[in-house]
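The values are calculated or read from the model by the stated rules, or taken from the named source; none is laboratory data. Quantities reported herein were computed from a predicted structural model and do not represent experimental measurements. As a convention, Cβ positions derive from the backbone with ideal geometry for all residues, glycine included, and neighbour counts pool all protein chains shown. Heavy atoms of the whole protein, side chains included, go into the accessibility calculation; ligands, DNA and RNA do not. Shrake-Rupley method; radii C 1.70, N 1.55, O 1.52, S 1.80 Å.
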Amino acid sequence: MTTLSRPIPVVLRPTTPRRSRSWRLLGYLALAAASAGVLLPFYWMVMSSLKTNNDVFTLPVEWIAADPVWSNYADIWAKSDMTTWLGNTVLLSATVTFLQVFTGSFAAYGFAKIRFPGRDALFLAYIGTLAVPWQSYMVPQFVMMSKLQLTDTLWSIVALQAFGALGVFMMKQFYETVPDELLDAARIDGMSEYGIYRRIMLPLSAPALASLALITLVTTWNDYLGPLLYLRSPDLWTIQLGLKSFISQYNAEHALIMTGSVLSVLPIVVIFLAGQRYFVEGIATTGLKG
Amino acid sequence: MKRSLAAVTAFLLAVTGCGSGGDAEDSGPITLTLAGWSLATTPEFKTLADGFRGTHPDITIELKEYDANNYDTQMTADLAAGKAPDVYVQKNLKNFYTYQHGKQLADVSDVAAKLGSSVGGLAPYQVDGKTWAIPYRSDSWVLFYNKALFDKAGVEHPDGTWTWERYSAAAKELTTKLKASGSKALGTYQHTWQSTAQGFALAQTAGAELPSGNFGYLKPYYETALGLQTAGAQVSFGDATTNSLTYQAQFGKQQAAMMPMGTWYIATLLSQQAKGDADSFAWGIAPAPQLTTSATPVTFADPTGFGINPKSSERKIAAAKDFLAYAAGPDAAKALAGIGVTPADNASAVDTILALEGAPNDEVSRLAYTKHDTKPENPVSEYTAPLQNVLKDLHTAIMSGSKPIDAAITEAQDRAESEVLSK
Amino acid sequence: MSAARARWRTTAVGLSFLLPNFLGFLILTLVPVVLLFYYGFTEWDVFGGATWSGLDNFRRMWGDASFWTALGNTGYYAVFHIPLTLAVSLGLALLLNRKLRGVGFFRTVAFFPYITSVVAIAQIWNMLFSPGFGPVNEVLRWLGVANPPGWTTSADASMPAVILVGTWRDMGYYMLLFLAGLQTIPGQLYEAARVDGANAWQRFRAVTLPGLRPTTFFITVLLTIGSFKVFDLILVMTDGGPGQSTLVLSQYIYKKGFQENEFGYASAVSIVLFAICFLVTVVQFVVNKRGSS
């Protein structure tokens, strides 16, 4: 903790000019080195995506693809049904993210700011289900979904992902940091609870909503077991399911596994780059008296 | 709160109560659903469906695609929800007990009674005097070897009578001589699966039985495997697992001169050589090395069979039985052999399969393909799946050098006794 | 309006907020989870009806050495993974919560491991950890370590290897949550502290930590549950091996259920896993309540 706290005043307050430039340079160098370390596996992934299948895992490791096989990217696009998978995944990710963020933050407001009997017990039930491993109840859940005629439809994945406890828990924690006085003032002004939620809470919670949205999006995008169990028709497959079954068809095509992994990561990177700008100091706190 | 809960419960009960509608028609064309996996690259299901349609124009077979690696997980969920296809594959024997004991297989004894005697792999599917599935493929483990590398090293080709001792000596000799001639290839490659040691041990050792809970029979096989590893005649287990080495690349890219593997690899190797994914070289198959020389080489592998979903209508079950009989018969055997798949009826396939472009057709290869006593890898019993899991831990512990052989065997025996057999 | 009516009204409004989420949650999660609690007391092969067996499953668990191994390994993973990830992700969040050129890039880099598919992660790290040829051990040898560990292929070093990769993978996720939490701390508090002459460490202690309390609580609970339930990473990295050195409870549950078809017993083990997570969570709740009041 001590080492981490040291650079804080320097960069937070660029008004101390003497030390700041060299510190800043050092900081950047450290960040760049750490980034290189974190990105190394991804570098290897990209390199492998440019090799032939039987050259990916060799002894010793080859760090540079001597003869890049760009055709892997064309191959995976031509041989597989990538456009369908991407379309399904985008549709699912968008729907699930919207529902999770909306219903989650809506319910969280009820849990955080309205007192009613049974509230805490109900909340504990939410948290409790987080503590149960999915693989132990996935069969009863599957049978249930099947009774509702949802299996082998995209709705099954929406139903599976959209109402989880995570969003509720997260937003509730966030709402609790908003002072009650602010809401009481609004109530006295005659605003209804729904109005408070929409006009005060939602705008205030932009960073939390953004992180919940990003996390839900990534989870839905990368989910493999859910689609594996629920989506059987090839025209419903998501990108993860499609890629994995494409790969398992072409026994041991490791270069293509990496090609697919690179392709499935890229859209998320773009979205993340766009979404992370909501984490800027000040957005949430404007208009709030601590 | 209470009232809304009651309403939801009522709603749930209502949906739970509604069953799936049965099919009323009892004449005219009929459609059967059949489970398969990786349909684009596993042509056997389509081959069988098309071949069957030739003789039964009224019955259409519709293929349902499953994931190759998670087939049993998906099938378990489908069966539990009553959504499984009419005919489904028993991918290996490990899960057969689950389906049979869970009453998810229809009795097909009448189909079995009419099968020819040359159909292999039927016995494991017989429980309590009834037959619950019909095999259509029956592979067996053999020794693949790279003729070109053997010649380069000047080592004699396997003659069909090799023991494990002779095989290890050859692997070590190959490694030394290949290195001397400037080749990177090692003598042999035993893949990371537990079956490469345990499958042979169980099949070849007299009196060895899985449910006995006595695993002393594994010792000589692990001594051989570790010996090869220490001598550098084979990639170490740790390097093979961490680098996700594939057996297809090890043999196909000439990294190893020999490789014990199942006959399913014939089709893969042929197609990889044709496409250029594997090098072009002359290869052959020899009978699996033996513990002691025997007239009929003893080896192992699980058959692959079809079972019928008992929840299908009576009429569909009758049609499905026709399909099972066809799939195990000589016509299907020839059709399967034509695409490189080893059918249950081995004898009627050898001329087709070894005549494929690029396949070996020498005496030893023919002998290896036709003459063998193939024991199941997973003898059917309620203890098989948990015992194989115990033995899998033993395999990784021994091969990674985490535990000496004797200690690992003792621990596995203790676990088998207390966690599995005493239930 | 009478007090009773007012209370009823508040309850109705409160419930109306919960309803959209709760309906989905009830049918799709709560009901199957409650069923699981029933199945834990039965013998069940997933296809047919379950036979009530009372406490048999729990008695069996008591004498099941593999269960205890899995429990021990899960604890081992959690004890190291939780504080390590908490420290790293909080550090990252503090470092990247400022107006810094290229901060978006660095945040993305930190989040990268989390969005990469776990299969690719496992393959890459296993390769890096490869005992004979892997870069990690090449570096260690270069640094003069004579016998570098076998990492995922040795019984002693496999768990540390998995913990390291687990932290590497999760740090971006929790960093994101911390970043969101940091935005809730009013800037005026820092200003006031500065005016009072507090140095960076004092401001961290006096402003940042208390301000982050709800976030830290949320993250600790999530991280605890996530660590106790760790599954896919271990499945693809070591599959529990070598031997049983990285066998964890979730994987044991999957094995017993889907591979050995003992869904009743698997459910019972899940109940124990649930109870542990729940107990730890309740303790965290109490500590958090006491701390905030």
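Regarding A:Ala125, is this residue within 10 Å of chain C (Cβ to nearest Cβ) and buried (at least 22 other Cβ atoms within 10 Å of the Cβ)? Full working, then the answer.
Values: within 10 Å of chain C (Cβ to nearest Cβ): yes; buried (at least 22 other Cβ atoms within 10 Å of the Cβ): no.
No; evaluated as a whole, the condition is false for this residue.
Collect the residues in the range C:88-143 that are within 14 Å of chain B (Cβ to nearest Cβ), open to solvent by 30 Å² or more (accessible area, probe 1.4 Å) and within 25 Å of A:Leu225 (Cα to Cα), keeping them in residue-number order.
Matches in the range C:88-143: C:Val119, C:Trp125.
Restricting attention to the range C:229-257, and to residues there that are more than 22 Å from B:Ala412 (Cβ to Cβ) and open to solvent by 20 Å² or more (accessible area, probe 1.4 Å), which single residue is nearest to the other protein chains (Cβ to nearest Cβ)?
Taking the candidates together, the pick is C:Lys229.
May I ask you to say which residue of A:Val139, A:Val132 is over 21 Å from the mean Cα position of the chain (by Cα), at negative phi, open to solvent by less than 10 Å² (accessible area, probe 1.4 Å) and free of Cβ contacts under 8 Å to residues at least 24 places away in the same chain? Reasoning before the result, please.
Working: A:Val132 fails: over 21 Å from the mean Cα position of the chain (by Cα).
That would be A:Val139, the only listed residue that is over 21 Å from the mean Cα position of the chain (by Cα), at negative phi, open to solvent by less than 10 Å² (accessible area, probe 1.4 Å) and free of Cβ contacts under 8 Å to residues at least 24 places away in the same chain.
Just checking: which of the helices (runs of 4 or more DSSP H) contained wholly in the range B:33-149 hold 2 or more residues that are touching a helix residue (DSSP H, G or I) at 6+ places or on another chain (Cβ under 6 Å) and over 15 Å from B:Ala344 (Cβ atoms)? Steps first, answer last, please.
Numbers: elements: B:44-55, B:71-80, B:96-101, B:109-113.
It comes to B:71-80.
Note down all Cβ pairs under 7 Å where the first residue falls in the range B:36-47 and is within 11 Å of chain A (Cβ to nearest Cβ) and in contact (Cβ under 8 Å) with a residue 24 or more places away in the chain, the second is open to solvent by less than 30 Å² (accessible area, probe 1.4 Å) and hydrophobic (A, V, I, L, M, F, W, C), and they're at least six residues apart or on different chains.
Listed pairs, sorted by first residue: B:Trp37/B:Ala68; B:Ser38/B:Ala68; B:Leu39/B:Phe45.
Does A:Leu86 fit the bill of being surrounded by fewer than 16 Cβ atoms within 10 Å (Cβ to Cβ), modelled with pLDDT of 85 or more and either outside any helix (DSSP H, G or I) or away from chain C (no Cβ under 11 Å) (or both)?
On the way: surrounded by fewer than 16 Cβ atoms within 10 Å (Cβ to Cβ): no; modelled with pLDDT of 85 or more: yes; either outside any helix (DSSP H, G or I) or away from chain C (no Cβ under 11 Å) (or both): yes.
For A:Leu86, the condition - surrounded by fewer than 16 Cβ atoms within 10 Å (Cβ to Cβ), modelled with pLDDT of 85 or more and either outside any helix (DSSP H, G or I) or away from chain C (no Cβ under 11 Å) (or both) - is not met.
State whether the residues of the range B:303-315 include one that is assigned to a helix (DSSP H, G or I), assigned by TED's automatic domain parsing to the domain that holds B:Thr161 and either buried (at least 17 other Cβ atoms within 10 Å of the Cβ) or not β-branched (Val, Ile, Thr) (or both).
So in the range B:303-315, the residues assigned to a helix (DSSP H, G or I) come out as B:314-315.
Filter again for assigned by TED's automatic domain parsing to the domain that holds B:Thr161, leaving none.
No; the residues of the range B:303-315 include none that is assigned to a helix (DSSP H, G or I), assigned by TED's automatic domain parsing to the domain that holds B:Thr161 and either buried (at least 17 other Cβ atoms within 10 Å of the Cβ) or not β-branched (Val, Ile, Thr) (or both).
Starting from the range A:257-280, take each residue that is within 12 Å of A:Met45 (Cα to Cα) and within 7 Å of chain C (Cβ to nearest Cβ) and list its partners that are open to solvent by less than 20 Å² (accessible area, probe 1.4 Å) and modelled with pLDDT under 85, counting only C-beta distances under 6 angstrom and pairs at least six apart or across chains.
A:Met258/A:Met45; A:Met258/A:Ser48; A:Met258/A:Ser49; A:Ser261/A:Met45; A:Ser261/C:Ser117; A:Ser261/C:Ala120; A:Val265/C:Ile115; A:Val265/C:Thr116
Identify, please: which residue in the range A:154-200 is outside any helix (DSSP H, G or I) and among the aliphatic types (A, V, I, L, M) and is, among those, farthest from A:Ser93 (Cα to Cα)?
So the first thing to find is which residues in the range A:154-200 are outside any helix (DSSP H, G or I), and the list is A:163-164, A:176-179, A:189-192.
Among the residues that remain, those that are also among the aliphatic types (A, V, I, L, M) are: A:178, A:191.
Details: A:Val178: 29, A:Met191: 34 Å.
Selected residue: A:Met191.
Step by step: first the residues of the range B:400-414, then only those that are within 8 Å of another protein chain (Cβ to nearest Cβ) and open to solvent by less than 50 Å² (accessible area, probe 1.4 Å), then the one that is farthest from C:Ala70 (Cα to Cα). Which residue is that?
For the range B:400-414, the residue satisfying everything is B:Ser400.
Output yes when any residue across the range C:159-171 is buried (at least 20 other Cβ atoms within 10 Å of the Cβ) and not in a helix (DSSP H, G or I), and no when none is.
Within the range C:159-171 (the criterion being buried (at least 20 other Cβ atoms within 10 Å of the Cβ) and not in a helix (DSSP H, G or I)), the answer is no, since none of the residues qualifies.
Check A:Thr151 against each of (1) at the interface with chain C (Cβ under 8 Å from one of its Cβ atoms); (2) assigned to a loop (DSSP other than H, G, I, E, B); (3) polar (S, T, N, Q) and name the one condition it does not meet.
(1)
Considering only the range C:263-281, state which residues are in contact (Cβ under 8 Å) with a residue 40 or more places away in the chain and open to solvent by 30 Å² or more (accessible area, probe 1.4 Å). Give the derivation first.
Of the residues in the range C:263-281, the ones in contact (Cβ under 8 Å) with a residue 40 or more places away in the chain are C:263-265, C:267-273, C:276-277, C:280-281.
Passing the criteria: C:Val272, C:Ile276, C:Val280.
Please enumerate the residues belonging to the range A:65-95 that are more than 19 Å from A:Tyr230 (Cβ to Cβ) and of a type in the set (Asp, Glu).
Initially, the range A:65-95 is screened for residues more than 19 Å from A:Tyr230 (Cβ to Cβ), giving A:65-80, A:82-83.
Correct list: A:Asp67, A:Asp75.
Residues checked against (1) open to solvent by 10 Å² or more (accessible area, probe 1.4 Å); (2) under 20 Å from the mean Cα position of the chain (by Cα):
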| residue | (1), (2) |
| --- | --- |
| A:Val178 | no, no |
| A:Met201 | no, no |
| A:Pro207 | no, yes |
| A:Asn222 | yes, yes |
| A:Leu225 | yes, yes |
| A:Leu229 | no, no |
| A:Ala255 | no, no |
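Which of the helices (runs of 4 or more DSSP H) found entirely inside the range C:3-94 contain at least 3 residues meeting this: modelled with pLDDT under 90 and not acidic (Asp, Glu)?
C:3-25, C:31-39
Could you tell me whether any residue of the range B:281-297 is more than 14 Å from every other protein chain (Cβ to nearest Cβ), within 28 Å of B:Val111 (Cα to Cα) and either crowded, with 24+ Cβ neighbours inside 10 Å or not β-branched (Val, Ile, Thr) (or both)?
no
Is one or more of the residues making up the range C:31-44 within 11 Å of chain A (Cβ to nearest Cβ), surrounded by fewer than 18 Cβ atoms within 10 Å (Cβ to Cβ) and of a type in the set (Val, Ile, Thr)? I'd like the intermediate steps shown before the answer.
Initial filter on the range C:31-44 (within 11 Å of chain A (Cβ to nearest Cβ)): C:31-40, C:44.
Add one more test, that the residue is surrounded by fewer than 18 Cβ atoms within 10 Å (Cβ to Cβ), and what stays is C:34, C:37-38.
Keeping just the survivors that are of a type in the set (Val, Ile, Thr) gives C:34.
So far as the range C:31-44 goes, yes, one or more of its residues are within 11 Å of chain A (Cβ to nearest Cβ), surrounded by fewer than 18 Cβ atoms within 10 Å (Cβ to Cβ) and of a type in the set (Val, Ile, Thr).
Suppose we filter B:Ala81, B:Ala112 for residues that are free of Cβ contacts under 8 Å to residues at least 24 places away in the same chain, among the aliphatic types (A, V, I, L, M) and more than 14 Å from every other protein chain (Cβ to nearest Cβ); which single one remains? Walk me through it before giving the result.
On the way: B:Ala81 fails: more than 14 Å from every other protein chain (Cβ to nearest Cβ).
Sole residue among the options that is free of Cβ contacts under 8 Å to residues at least 24 places away in the same chain, among the aliphatic types (A, V, I, L, M) and more than 14 Å from every other protein chain (Cβ to nearest Cβ): B:Ala112.
Hey, any hits in the range A:262-271 for a residue that's more than 21 Å from the chain's Cα centre (by Cα) and either modelled with pLDDT of 80 or more or of a type outside the set (A, V, I, L, M) (or both)?
Within the range A:262-271, the first condition is being more than 21 Å from the chain's Cα centre (by Cα), and the residues that meet it are none.
Within the range A:262-271, not a single residue is more than 21 Å from the chain's Cα centre (by Cα) and either modelled with pLDDT of 80 or more or of a type outside the set (A, V, I, L, M) (or both).
So if I check each of B:Phe281, B:Phe251, B:Phe323, which one is closer than 25 Å to B:Phe200 by Cα and either among the hydrophobic types (A, V, I, L, M, F, W, C) or free of Cβ contacts under 8 Å to residues at least 12 places away in the same chain (or both)? Step through it out loud before you land on a result.
Numbers: B:Phe281 fails: closer than 25 Å to B:Phe200 by Cα; B:Phe323 fails: closer than 25 Å to B:Phe200 by Cα.
Of B:Phe281, B:Phe251, B:Phe323, the one residue that is closer than 25 Å to B:Phe200 by Cα and either among the hydrophobic types (A, V, I, L, M, F, W, C) or free of Cβ contacts under 8 Å to residues at least 12 places away in the same chain (or both) is B:Phe251.
I'd like to check something: does the range C:184-205 contain any residue that is surrounded by 17 or more Cβ atoms within 10 Å (Cβ to Cβ), within 14 Å of chain B (Cβ to nearest Cβ) and not basic (Lys, Arg)?
no
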